[in-house]
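Visitor: Could you have a look at this structure, given as structure tokens, before my questions?
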Amino acid sequence: MTTTNMIGTATTTPAATPAAAPAPAPAAATDAAEAARTRLDFAKAAPKAFRALIGFDAAARAGLDPALVELIQIRASHLNHCAYCLHMHTNDARKAGESEDRLHMVAVWREARHFFTPKEQAALALTEAVTLVAGAGVPDEVYAQAAAQFDEAELAQVLALILTINTWNRVALATGKVAGTDERRR
């Protein structure tokens, strides 16, 4: 119902206000966002580079504990603000049996060390140092902690994985990937 107040301005009473439209369903919202994306499709535009990156990624994760792989990818994606990769890797971690408690603590792992093994803590610290390398390089103590937890071959694999997720984050951010879509499933 519309009425006029004392200054002559029309107002609508709450009873006359139509119900707010429901928020779009997550699937519909992500489909719409993906359809509106105007940036290039990296896989189609640079197929050789894309396949090389997939190969590097597969080689990097070979032999590593799948839970550790996801923790590294999640932490780097937090730091790079890559919602697309963060969504993908938290879902992958859940499917692999990772607990919600640990997933919620990855961003604040230093304050919640008891959720993570010393090996995972070393990997998370190295992930942060390499991801944020422009700030302070990779401090000797961070590298030494990782070297104490991993043999040389494992440490090389962890480092390669950190490099690949940072590359994937940059591809996703530069090409406007939409969180909630997962092109691996297409």
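Throughout, read-outs are computed from the coordinates displayed, never taken from laboratory work. It should be emphasised that the depicted structure is a prediction, and the values quoted were computed from it without experimental measurement. Here the Cβ positions follow ideal geometry from the backbone for every residue, glycine too, while neighbour counts run over all protein chains shown.
Visitor: With a ≥ b ≥ c the root eigenvalues of the C-alpha gyration tensor of the range 35-186, is it rounded (a/c under 1.5), prolate (a/b larger than b/c) or oblate?
Guide: Prolate shape, in that a/c is at least 1.5 and a/b is the bigger ratio.
Visitor: List the relative contact order of the range 108-186 as a percent without decimals, with contacts defined as Cα pairs under 8 Å and 6+ residues apart.
Guide: Value for the range 108-186: 24 percent.
Visitor: Calculate the spin-label point distance for residue 56 paired with residue 104, positioning each point 7 Å from the Cα along the beta-carbon direction, and give it in nanometres.
Guide: 3.6
Visitor: What length, rounded to one decimal in nm, is gained on full extension from residue 49 through to residue 144, with 0.36 nm per residue of separation minus their alpha-carbon distance?
Guide: Between residue 49 and residue 144, full extension yields 30.9 nm more.
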